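Engineer: I am attaching a structure below and will ask some questions about it afterwards.
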Number of protein chains: 2
Amino acid sequence: MTDRIRDFLRVRRDLGQDEGPVMVLDLEVVRDNYTAFARALPDTRVFYAVKANPAPEVLRLLAEMGSCFDTASVAEIEMALAAGASPDRISFGNTIKKERDVVRALKLGIRLFAVDCEVEADKIARAAEAASVETAEIQVFCRILCDGAGADWPLSRKFGCVPEMAVDVLEHAHRAGLHAYGVSFHVGSQQANTEAWDGALASAATIFQECATRGIGLSMVNLGGGFPTKYLKAVPGVESYGDAIFRALTKHFGNQIPETIIEPGRGMVGNAGLIEAEVVLVSKKSQAEDEVRWVYLDIGKFGGLAETMDESIRYAIRTEHDADRMSPCVIAGPTCDSVDVLYEKQHYPLPVSLSIGDKVLIEGAGAYTTTYAAVAFNGFPPLRQIVI
Amino acid sequence: MTDRIRDFLRVRRDLGQDEGPVMVLDLEVVRDNYTAFARALPDTRVFYAVKANPAPEVLRLLAEMGSCFDTASVAEIEMALAAGASPDRISFGNTIKKERDVVRALKLGIRLFAVDCEVEADKIARAAEAASVETAEIQVFCRILCDGAGADWPLSRKFGCVPEMAVDVLEHAHRAGLHAYGVSFHVGSQQANTEAWDGALASAATIFQECATRGIGLSMVNLGGGFPTKYLKAVPGVESYGDAIFRALTKHFGNQIPETIIEPGRGMVGNAGLIEAEVVLVSKKSQAEDEVRWVYLDIGKFGGLAETMDESIRYAIRTEHDADRMSPCVIAGPTCDSVDVLYEKQHYPLPVSLSIGDKVLIEGAGAYTTTYAAVAFNGFPPLRQIVI
């Protein structure tokens, strides 16, 4: 909660414009976060993960500050370009791409692509021909699997291949005429363990060596995202991540440290955003004394808080009664869907004086909220965002 | 898959307009479903659960056929009115309502409301004063908890109170001048057990008796939804549900059978819709012989298939190669989110000849898809719907 957000919400309420949940994002926080990343990893290029929050204001600010952009679709590439980023500062980081989207990206000038299997490299080579682009101009990096231990948001095996296979994929890309550029991995989103990069960097170094024996000189390691934002629990600062990553790079690559890329998303915008929502109902399921209260908000899993799925992300929720006695609650959203419950397995303490109509402030809501919102589930509009 | 949908998709493909996933909904199937419900439960009023699919064409058809509408928000009330339903055919069935939304609903002419606690009844009484509506004109029914055993889509304790408390809630509403009208419950969505209504009807009958001893004459039981649509598994026909419900009503209410309401959503539109999607990538995570294939589609959890959450709903997926040998696959969506995986815990058999660029048909996709889609996650547009 910054002073700028506090002032904004006060004015909005005084004007009577506080109907419905809203996410307010403070650009000054984004500016500070970018600066912190650039300082903590001075030799690393920052590719902001657009999917975390593609607000034009955010993209413009980061483009001005010199950031690069990691994109998941042609639409995101177009947003980054519209914000002022040149194509050489944009990667198409999704390992799952339609061939015609690769053609579109190439025509927009994009030359940096993620792959995790041979057929995806083939797609890019064919797309190059369709787009009349020299394959040698196209840099591809191969994503490897990473176990994601220590991360709050579950990491599946969806992206990446085993390290041994990555060598074959990169050789395949090389033989197809593409520039086999390097290796990427992701240690899991909201990663609280600063040492999580170590194991994956060991694998990356082995892939570099194996490729070298096959005559392929890799030069880049994409360290992915995973940098956390503060929710309820304290998290290490960006400097700690920078230090740990530098140590691991030195340990595994010695004095031949490769080019590096990071892709912060949550760590760049999470703490810049705050959702103001409203208590719609406080009730109990029975008259029993020890019955837990249910607190229903006008925002839920389908209105922007999708990351409460399996109660993975536990947001800090502030109210005007936080000095009062607390008691455990179930928190749920406003829709008629029974799965639209935020916290039930682990009850959430809220003040006993919290009542219908009270506002609540959900902190750390700048990432993975607005674009996650359902288009119109139950007739409720998607989460609005105001960038200040 | 109806002939009308098959013809439509063929024409669309011939025109080269088959870019991106689309859900095609056949109104003739909705017409048949409405007729089947009306026949299976001839003395019951059908309130279509608008949230399942609020397409204007669907609402208009059902309004013409005489259906009533169960709504979750003021926006849904407005949609039902726009489709031609008069206010007396619309219920505000969400137990979680802002007081100002109740005022809006009352001003739009709505007089039938769900509650599950005393404070929600108080809200309605206050809203009546604000909207200058006589409280006695307003019918409220109290939702009770139901365990949902036998349902595929998990039912939480989010809605409803224990039956003993419902008596107090209804008495409270009665004392506030509202018309204490009856009881509602929901047996869980995609309920395969036709006997699931029995236990809840026993509770409802007890509430009727207890209210009668307090001088309150209830007259309505809202039997909720839960009527399934066919996914992979066969489900009983609507007639079986009608028979079982009638038997349970007779068993618990004898010759004083109350007015009844049903709220089908999935059962009304589920099998009317089919999604055509595309295979974006087929790959493996390692070169091992027994490694399972990963099949990535251009639609996933955030593009409309949210009900694959926890693999709850298992859609029937058809391809042009279904005569070929099958092998188990993981199926995932196109976004850069690691949780965007549809079926992984239980592998899904798909033909070994399925390749990149092939179309797949996802059946039973008429309910809870279009409005569940995220507004723009990863830059991907929400699921389009075409009603034919």
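Engineer: Select the chain B residue whose beta carbon lies nearest to the rotation axis carrying chain B onto chain A, and write the distance in whole Å.
Structural biologist: Axis relating chain B to chain A; nearest Cβ residue and distance: B:VAL375, 3.
Engineer: Measure off 7 Å from each Cα along the Cα-to-Cβ vector at B:VAL352 and A:SER219, then give the distance between these two points in nanometres to one decimal.
Structural biologist: With each label point 7 Å from Cα toward Cβ, the separation is 4.3 nm.
Engineer: Now a separate question. Report ³J(HN,Hα) in whole Hz for each residue of the stretch A:70-75, in order, from the Karplus equation J = 6.51 cos²θ - 1.76 cosθ + 1.60 where θ = phi - 60°; Gly and Pro get x.
Structural biologist: Once rounded to whole Hz, the list reads 9, 10, 10, 7, 4, 4.
Engineer: Run the numbers for B:ARG175 and B:LYS107: contour at 0.36 nm per residue of separation, minus the present Cα-Cα distance, in nm.
Structural biologist: 22.2 nm
Engineer: Leaving ligands and nucleic acids out of the surface, order B:ILE257, B:ILE77 by accessible area at 1.4 Å, largest first.
Structural biologist: B:ILE257, B:ILE77
Engineer: Amide H to amide H, which residues 5 or more places from B:GLN385 or on other chains are under 5 Å from it, using H placed in the peptide plane?
Structural biologist: Counting only residues 5 or more places away or on other chains, the set is B:MET23.
Engineer: Right, another one. Using Cα-Cα distances under 8 Å and only pairs 6 or more residues apart, what relative contact order does the stretch A:186-331 have, in percent?
Structural biologist: Computed value for the stretch A:186-331: 22 percent relative contact order.
Engineer: Related question: Where the label is 7 Å out from Cα toward Cβ, how close does A:ARG175 come to the same position in every other copy, in nm, shortest first?
Structural biologist: In ascending order, 8.2 nm.
Engineer: Expressed as an acute angle from 0 to 90° and rounded to the nearest 10, what is the orientation of the C-alpha long axis of helix B:197-213 relative to the principal long axis of chain B?
Structural biologist: Between the helix axis and the principal axis of chain B, the angle is about 20 degrees.
Engineer: Here is a further query. Summing both sides, how much accessible area is buried between B and A? Use a 1.4 Å probe and give Å² to the nearest 100.
Structural biologist: Counting both chains, the buried surface is close to 6000 Å².
Engineer: With a cut-off of 8 Å between alpha carbons and a minimum separation of six or more residues, what is the relative contact order of the stretch A:93-264 in percent?
Structural biologist: Here the relative contact order equals 20 percent.
Engineer: A follow-up question, please. Please give me the summed charge of the neighbours of A:ASP18: other residues whose Cβ is under 13 Å from its Cβ, Lys and Arg +1, Asp and Glu -1.
Structural biologist: Surrounding charge for A:ASP18 is +1.
Engineer: How far, in degrees from 0 to 90, does helix A:3-14 lean away from the longest principal axis of the Cα atoms of chain A, to the nearest 10?
Structural biologist: For A:3-14 against chain A, the angle is about 50 degrees.
Engineer: If the label for B:PRO381 sits 7 angstrom from Cα along the Cα-to-Cβ line, what are its distances to the same label in every other copy, in nm to one decimal, shortest first?
Structural biologist: 2.1
Engineer: Find, among the GluC sites (Glu not before Pro) in the stretch B:1-99, those assigned to loop by DSSP (not H, G, I, E, B) with at most 11 other beta-carbon atoms within 10 angstrom.
Structural biologist: B:GLU19
Engineer: Which distance in Å, rounded to a whole number, links the C-alpha centroids of the stretch B:79-130 and the stretch A:283-310?
Structural biologist: When both Cα centres are located, 21 Å separates them.
Engineer: Probe radius 1.4 Å, ligands and nucleic acids ignored: give me the carbon and sulfur share of the accessible area of chain B as a rounded percent.
Structural biologist: It is 50 percent, rounded to a whole number.
Engineer: Normalised by the residues of chain B, what does the relative contact order come to in percent, with Cα pairs under 8 Å and at least six apart?
Structural biologist: Working: 855 pairs, mean separation 72.3, N = 388.
Answer for chain B is 19 percent.
Engineer: At a Cα cut-off below 13 Å, give the aspartates and glutamates reachable from B:LYS251, other chains included and same-chain residues fewer than 8 away excluded.
Structural biologist: The qualifying aspartates and glutamates are B:GLU195, B:ASP198, B:ASP243.
Engineer: Got a sec? Charge dipole of chain B, +1 on Cβ for Lys and Arg, -1 for Asp and Glu; which of B:ALA130, B:PRO236, B:SER353 is way out at the positive end?
Structural biologist: In chain B, that residue is B:ALA130.
Engineer: Follow-up question, since we're still on this one. Quickly work out the B:ALA82-to-B:ARG12 label distance, labels modelled 7 Å from Cα along the C-beta direction, and quote it in nm with one decimal.
Structural biologist: A separation of 2.2 nm, rounded to one decimal place.
Engineer: With respect to the cross-link table entries A:LYS98/B:LYS230; A:LYS233/B:LYS301; B:LYS51/B:LYS98; A:LYS107/B:LYS285, which display a Cα-Cα separation exceeding 23 Å?
Structural biologist: Check vs 23 Å cut-off fails for A:LYS98/B:LYS230; A:LYS233/B:LYS301; A:LYS107/B:LYS285.
Engineer: While we're on this one: Taking a point 7 Å out from Cα toward Cβ as the label site, list the nm distances between A:GLY16 and the same residue in every other copy, smallest first.
Structural biologist: Reported distances to equivalent positions: 5.5 nm.
Engineer: Using R₀ = 56 Å, calculate the FRET efficiency as 1/(1 + (r/R₀)^6) where r is the Cβ-Cβ separation of A:LYS359 and B:GLN256; round to 0.05.
Structural biologist: FRET efficiency, A:LYS359 to B:GLN256: 0.75.
Engineer: Using θ = phi - 60° and the Karplus form 6.51 cos²θ - 1.76 cosθ + 1.60, what ³J(HN,Hα) does each residue of the stretch B:359-372 get, whole Hz, x for Gly and Pro?
Structural biologist: Coupling constants for the stretch B:359-372: 8, 10, 10, 9, 8, x, 9, x, 10, 6, 10, 4, 7, 7 Hz.
Engineer: What are the residues whose amide H is under 5 Å from the amide H of B:ARG314, where those residues sit 5 or more places off or on another chain and H is modelled from the backbone?
Structural biologist: Those qualifying (amide H under 5 Å, at least 5 residues apart or on another chain) are B:LEU232.
Engineer: When the Karplus curve 6.51 cos²θ - 1.76 cosθ + 1.60 is applied with θ = phi - 60°, which whole-Hz ³J(HN,Hα) does each residue of the stretch A:132-142 get, with x for Gly and Pro?
Structural biologist: 6, 10, 5, 4, 5, 7, 9, 8, 10, 10, 9
The values are calculated or read from the model by the stated rules, or taken from the named source; none is laboratory data. All of these numbers come straight from a predicted model, not from anything done at the bench. As a convention, Cβ positions derive from the backbone with ideal geometry for all residues, glycine included, and neighbour counts pool all protein chains shown. The protein model used for the area step is the full one, side chains on, heavy atoms only, and it has no ligands, DNA or RNA in it. Shrake-Rupley method; radii C 1.70, N 1.55, O 1.52, S 1.80 Å.
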